[in-house]
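Just so it is clear, none of the values below were taken in a lab; they were calculated from the coordinates. In this text, all values refer to a predicted model and were calculated from it rather than measured experimentally. So basically every Cβ, Gly included, is an ideal-geometry build from the backbone, and we count neighbours across all protein chains shown.
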């Protein structure tokens with residue numbers, strides 16, 4: 001952890017948002033963010049959404065615990081700045097059936113509305129249902145402002161450029177994703193890194209390990225895809241978008 005943080009600081013990383021993928025992981029993310037002076041998200045990833053039904057006390061109790069976790073961590077170090085990672089993932093329904101994912105995606109949207117928090121979203125091979133649920137829950141216009149929402153970002157996205165117009169995010173893993181990235185307006189784009197703990201090797205970078213210190217490389221790819229936008233313009237716009245969406249004015 002210390003080595004990773006040192007590499008991130010050397011790369012110019014000022015702060016981080018640590019993502020929660022389940023109730024347990026959200027608690028861990030908040031605690032780690034508190035220790036390091038960062039931020040966190042709280043929610044349940046679609047592939048973990050079966051945890052709602054298996055939880056002692058049932059889905060209502062799981063949601064209640066998420067609600068309580070968010071309510072207790074809305075200020076100070078490690079504060080929750082978004083609900084998620086939540087959404088739909090139809091590529092991995094062996095973890096959670098589609099119906100289960102849809103049901104608990106909706107329930108987490110209720111928390112975002114209640115606490116006026118942005119969403120940290122996941123959409124994989126589920127675009128039609130993903131957009132339909134967001135629209136039905138009041139997120140069709142202005143980021144759901146009319147129902148208490150504050151917009152958000154789609155962290156994982158596997159759709160086309162046309163589908164990206166309905167949301168605002170994608171990864172840079174395929175030609176289709178690169179085309180989708182190129183189609184996104186500058187005021188809608190953010191940059192991130194993500195990596196699995198098991199790919200870590202102490203003291204040196206690892207091929208394929210996209211840790212926080214690699215964020216500049218992500219920005220460089222977006223810069224190369226952009227027409228006429230300099231590397232500095234890409235990074236400054238992504239920073240501004242992130243600060244605005246997640247309410248991080250203290251970083252300005």
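The calculated FRET efficiency for the pair residue 54 and residue 194, based on their C-beta separation and a Förster distance of 35 Å, comes to about 0.85. Stretching the chain fully between residue 91 and residue 64 yields a gain of 6.9 nm (0.36 nm per residue, less the alpha carbon separation).
Rounded, prolate or oblate: which one fits the range 11-130, using the alpha carbon gyration tensor with axes a ≥ b ≥ c (rounded when a/c is under 1.5, else prolate when a/b beats b/c, else oblate)? Judged from the Cα gyration tensor, the range 11-130 comes out prolate (a/c at least 1.5, a/b above b/c).
With 0.36 nm allotted per residue and the present C-alpha distance subtracted, the residue 224-residue 145 stretch has 25.1 nm of extension available. Compute the separation of the alpha-carbon centres of the range 210-242 and the range 109-151 and state it in Å as a whole number. Cα centroid of the range 210-242 versus Cα centroid of the range 109-151: 26 Å apart. Sorting 195, 19, 41 by the number of Cβ atoms found within 10 Å of their own Cβ, with the fewest placed first, yields 195, 19, 41. Taking every alpha-carbon pair under 8 Å whose residues sit at least 6 apart, the range 11-154 reaches a relative contact order of 22 percent.
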